[in-house]
Amino acid sequence: MAAITLNAPKLFDLGGRVALVTGAGSGIGQRIAMGLAQCGADIALVDRRTDDGLAATAEFIAGTGRRSLQVVADVTSAEALVAAVERTERELGPLSLAVNAAGIANACPAEAMAESQFQTMMDINLKGVFLSCQAEARAMLRNGRGSIVNIASMSGVIVNRGLMQSHYNASKAAVIHMSKSMAMEWVGRGVRVNTISPGYTATPMNTRPEMVHQTKLFEEQTPMQRMATVDEMVGPAIFLLSDAASFMTGVDLLVDGGFCCW
C-alpha cells in the first residue's frame, strides 16, 4: 500500500498569499481580514469610508507581522476596483485571495419602496460584488490561481419572517446564483468562487440600541437561540479560501445557527 502523505494544518496556511477584502473597515469584512492575516496572508483593505475602521484593521494586521494597505474605494465604481487591484499587486504581490463583504441592509414595504432605494441596494450589494469579482478574477486568471468568497446571506435562501426587505433578499439571492455562475465560468482556469450566507449576526448594524427588540426576536427565531458573532464568519472564510476547500467551487455555505433547517 502506498504511503499517504497528509499535513492537515498546512491546508489552512495562507502564508505568502495576497488577499483583497472589501468592507474591511467594520463588521464581518474587518474580522475576516484580521483572520486572514493571522493565517499568513498580506491584505489589501478596501472600504468606501475614511473613518478609523480601516486604520484599526491595519494596526491589528501589523501586530501579526503581515503587511497591509488601505484603499478607499466605492465598490460601485469599476475604475476604482481596477485601480485597487492594480495597487494591491504593485505593493503586495500577485493577488490570489479575495473576500467581498461590502454591502448594505435596510427595510421598507415593497409597495412603498422608492425606485432609488431599490436601485441603491442592487448597485452596492449586487453590482458591487460583480465588479469586485470581475477586477479580482482578471488578475487571478492571469496569475493562474485564485479563490473568491462573496458574503451573501441566508436571506438569499429564505424570506425572513417579519422583515420587509424584498430588495435586500433579492440582492443576496442574486449574489449566490451569480457566484455559482462565475464559478462555472472559471472552474477550468484555476479560480474558485464560493459564498458564505450568514444568519443573524451581531454586526454593528444589528447591535444598535434601537435594535434591542428586533435582536431579541432574531435570537428567539434561531435554533441555537442566539445570533452569530462576527468572528464566527472568520473560520468559514478561511476554510473556503484555503487549500482545505480545494475541491469546492460554486458552494453556498450557510452559517446560520440552524435557522434554515426550520
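Given the condition within 25 Å of THR201 (Cα to Cα), among the hydroxyl-bearing types (Ser, Thr, Tyr) and in a loop (DSSP other than H, G, I, E, B), answer yes or no: does some residue in the range 12-31 qualify? Among the residues of the range 12-31, at least one is within 25 Å of THR201 (Cα to Cα), among the hydroxyl-bearing types (Ser, Thr, Tyr) and in a loop (DSSP other than H, G, I, E, B), which makes the answer yes. Using beta carbons and a limit of 7 Å, which pairs, at least six apart or on different chains, have the first residue in the range 173-185 and farther than 21 Å from ILE158 by Cβ and free of Cβ contacts under 8 Å to residues at least 60 places away in the same chain and the second one assigned to a helix (DSSP H, G or I) and not acidic (Asp, Glu)? Listed pairs, sorted by first residue: MET182/CYS133.
The rows are residues; the columns are (1) of a type in the set (A, V, I, L, M, F, W, C); (2) at pLDDT below 95; (3) in a helix (DSSP H, G or I).
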{"site": "PRO223", "(1), (2), (3)": "no, no, no"}
{"site": "ASP231", "(1), (2), (3)": "no, no, yes"}
{"site": "VAL234", "(1), (2), (3)": "yes, no, yes"}
{"site": "PHE239", "(1), (2), (3)": "yes, no, yes"}
{"site": "ALA244", "(1), (2), (3)": "yes, no, yes"}
{"site": "THR249", "(1), (2), (3)": "no, no, no"}
{"site": "LEU254", "(1), (2), (3)": "yes, no, no"}
{"site": "CYS260", "(1), (2), (3)": "yes, no, yes"}
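From the list SER116, SER197, SER147, the one residue that fits, being polar (S, T, N, Q) and part of a helix (DSSP H, G or I), is SER116.
Residue-level check: of (1) at pLDDT below 95; (2) of a type outside the set (Lys, Arg); (3) within 21 Å of VAL75 (Cα to Cα); (4) not in a helix (DSSP H, G or I), GLY53 misses just (4). Among the residues of the range 186-226, those identified as more than 21 Å from ALA137 (Cβ to Cβ), of a type in the set (Lys, Arg) and within 23 Å of the chain's Cα centre (by Cα) are ARG208, ARG226. Suppose the filter is modelled with pLDDT of 95 or more, surrounded by fewer than 15 Cβ atoms within 10 Å (Cβ to Cβ) and more than 22 Å from VAL251 (Cα to Cα); does ARG142 pass it? When the stated conditions are applied, ARG142 passes them.
For the range 56-90, filtering for residues that are in contact (Cβ under 8 Å) with a residue 24 or more places away in the chain and part of a helix (DSSP H, G or I) leaves 13.
The values are calculated or read from the model by the stated rules, or taken from the named source; none is laboratory data. Only a predicted model underlies this, so the values are computations on that prediction, with no experimental measurement involved. As a convention, Cβ positions derive from the backbone with ideal geometry for all residues, glycine included, and neighbour counts pool all protein chains shown.
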